[in-house]
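What follows draws every value from the coordinates through simple rules; no lab data is involved. This one's a predicted model, so the numbers in the text were calculated from it and none came from an experiment. Here the Cβ positions follow ideal geometry from the backbone for every residue, glycine too, while neighbour counts run over all protein chains shown.
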Amino acid sequence: MKTALITGVTGQDGAYLSQLLLDKGYKVHGLIRRSSHAEAHLRRLEWLGIQNDVTYEDGNILDVSAMSRIIREIKPDEVYNLAAQSFVKASWQQPLLTSQVTAIGVNNILEAVRLEAPEARFYQASSSEMYGLIQEPQQSEATPFYPRSPYAVAKLFGHWMTVNYRESFGMHTSSGILFNHESPLRGLEFVTRKVTDAAARIKLGLASELPMGNLDATRDWGHARDYVRAMWLMLQQESGDDYVVATGRTVSVRDLCRVAFEQVGLNYEDYVKLDAAFLRPAEVDVLLGDPAKAKAKLGWTPEVTFEQLIAEMVEADLERHSARRA
């Protein structure tokens, strides 16, 4: 039985990755930041019905001594770092916190792994936001980075540290440059879930409009369940490497709204209202990934289409709100 440690285990990706690894027979340990709301944070794992199958470890990626202790005790075969201050908009309001968690936190884990379990395989959750002001129409592993937010700058630090530990110490470290990936477990602060939740609430008479920012921004959206499979595949390779994980298709925020509202039989134009409060200080207009390397080397391809993803999210939000009304 292999043992895996997942930081960010209570997030969307952490929950789906836990489910995948448990199905493959792993012993899964999840890092938990102890707080008065700790139980509430398990809701994604509960939604998947696996909250009692994960072993929880008290710790914080900002505390390298705690990370060293945990890694020394459980001796993981694989370490997946999914922890981050992951909301791009909030990174402008909290740039120092974002830097500490999303950048320095990666270095803390890498160093703890190097000292306590150097044979363990390490995965870093890099981000398509690192491309920012895009230098090529379609972004691959060779595309230059141009981060446009404190979040993206912090992610870039973690990405290059992962590369550096691989090259400097011979560790099996991989970065997944993941483009936007969503699911019914996505937080309400993210645009896809904001839209699907609003469509459900408006359909049920619980809301009357949806304030939005830039409707013309386009993203490469996939399903988180597909993307965690790519994470696992990276750590099964003979050596570490960096991979773009994407669908190779872009969809605008406007079309996201259209598809979501059509799912409940409504015209988005009747409910979506422009609100400048939701515009970013520095916008990333287009992101489009080239997953050719992941397909060739990992044998990975996405299985869920954008339309299927949004339909699943809208249906889940309808069920949530209908249950609350019952």
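For segment 164-242, what does the alpha-carbon gyration tensor say about shape, rounded, prolate or oblate, given a ≥ b ≥ c as the root eigenvalues, a/c under 1.5 as rounded, and a/b over b/c as prolate? Kindly include the intermediate steps, with their values, before the conclusion.
Working: a/c = 4.18, a/b = 2.85, b/c = 1.47.
Here segment 164-242 falls in the prolate category.
Enumerate by residue number the trypsin sites (Lys or Arg not before Pro) in segment 12-87 meeting two conditions: DSSP loop (anything except H, G, I, E, B), and at most 14 other Cβ atoms within 10 Å of the site's Cβ.
Working: sites: Lys24, Lys27, Arg33, Arg34, Arg43, Arg44, Arg69, Arg72; in loops: Lys24, Arg33, Arg34.
Passing sites in segment 12-87 are Lys24, Arg34.
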Would segment 77-161 count as rounded, prolate or oblate if I go by the C-alpha gyration tensor, calling it rounded below 1.5 in a/c and otherwise prolate when a/b exceeds b/c, oblate otherwise?
oblate
Using a 7 Å offset from the Cα along the Cα-to-Cβ direction at both Glu167 and Leu215, what is the distance between the two label points in nm, to one decimal?
4.5 nm
Sequence-distant residues sharing a close amide H with Glu182 (under 5 Å, placed H):
Gly222, His223, Ala224
In order over segment 23-31: 3J(HN,Hα) from phi, Karplus 6.51/-1.76/1.60, θ = phi - 60°, whole Hz, x for each Gly or Pro, gives 5, 8, x, 6, 8, 10, 10, x, 7
Select from Leu287, Gly299, Met313 the residue farthest towards the positive end of the dipole of segment 269-326; place +1 on Cβ of Lys and Arg, -1 on Cβ of Asp and Glu, and compute about the Cα centre.
Gly299
Segment 68-120: percent of C-alpha pairs farther apart than 17 Å?
42 percent
Charge-dipole axis of segment 1-78 as Lys and Arg at +1 and Asp and Glu at -1 on Cβ define it, positive-most pick from Leu31, Gln12, Ile50
Leu31
So what J values fall out for segment 166-173 if you push phi through Karplus, 6.51 cos²θ - 1.76 cosθ + 1.60 with θ = phi - 60°, rounded to Hz, Gly and Pro as x?
5, 7, 7, 10, x, 7, 8, 10
Between the alpha-carbon centers of segment 188-242 and segment 92-111, tell me the distance in whole angstrom.
23 Å
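Starting from the Cα coordinates of segment 220-271, work out the convex hull volume and express it per residue in Å³. It would help to have the intermediate numbers written out before the result.
Working: hull volume 4.2 nm³, N = 52.
Value for segment 220-271: 80 Å³ per residue.
Please give the charge dipole size of the chain, origin at the Cα centre, charges +1 on K and R Cβ atoms and -1 on D and E Cβ atoms. Round to the nearest 20 debye.
Numbers: 35 positive and 42 negative charges, 95 e Å.
Computed about the Cα centre, the dipole is about 460 debye.
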Only bridges whose two residues both fall in the chain count here: according to DSSP, what percent of them are antiparallel, nearest 5?
5 percent
Which chymotrypsin sites (Phe, Trp or Tyr not before Pro) in segment 31-105 pass both tests, a DSSP loop state and at most 15 other beta-carbon atoms within 10 Å?
Phe87
Residue list for segment 291-326, given a label point 7 angstrom along the Cα-to-Cβ vector of Glu46 and an amide N cut-off under 20 Å:
316-326
Please list, in chain and number order, the residues 5+ apart from Val272 or on another chain whose amide H is under 5 Å from its amide H, with Hs placed from the backbone.
Leu210
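Cross-link list Lys194/Lys273; Lys27/Lys75; Lys89/Lys194: which exceed 19 angstrom alpha carbon to alpha carbon?
Values: Lys194/Lys273 13 Å; Lys27/Lys75 11 Å; Lys89/Lys194 14 Å.
In this structure, not one pair exceeds 19 Å between Cα atoms.
So which GluC sites (Glu not before Pro) in segment 71-151 end up in coil per DSSP with only 16 or fewer other C-beta atoms within 10 Å? The partial results should precede the final answer.
Values: sites: Glu73, Glu78, Glu111, Glu116, Glu119, Glu129, Glu141; in loops: Glu119, Glu141.
Answer by residue number: Glu119, Glu141.
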Could you check how many percent of all C-alpha pairs in segment 1-95 are farther apart than 24 Å?
20 percent
If you plug each phi of segment 143-156 into the Karplus form 6.51 cos²θ - 1.76 cosθ + 1.60 with θ = phi - 60°, what whole-Hz ³J(HN,Hα) values come out, in order, with x for Gly and Pro?
6, x, 8, 8, x, 10, 8, x, 4, 5, 4, 5, 4, 5
Once you sort the root eigenvalues of the Cα gyration tensor of the chain as a ≥ b ≥ c, which label holds: rounded (a/c under 1.5), prolate (a/b larger than b/c) or oblate (the other case)?
prolate
Taking 0.36 nm per residue of sequence separation and subtracting the Cα-Cα distance, how much length would be gained by fully extending the chain between Lys295 and Asp255, in nm to one decimal?
11.7 nm
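Which value results for Rg/Rh of segment 143-302 when Rg is the Cα radius of gyration and Rh the Kirkwood radius based on the inverse mean 1/r? If you can, show how the numbers build up before the last one.
Working: Rg = 18.2 Å, Rh = 17.5 Å.
Answer for segment 143-302: 1.04.
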The set of residues whose placed amide H lies less than 5 Å from the amide H of Val245, leaving out same-chain residues fewer than 5 positions away, is Ile177, Leu178, Phe179
Could you list, in their original order, any pairs among Lys24/Lys297; Lys203/Lys293; Lys2/Lys297; Lys24/Lys203 whose Cα atoms are separated by more than 30 Å?
Lys203/Lys293; Lys24/Lys203
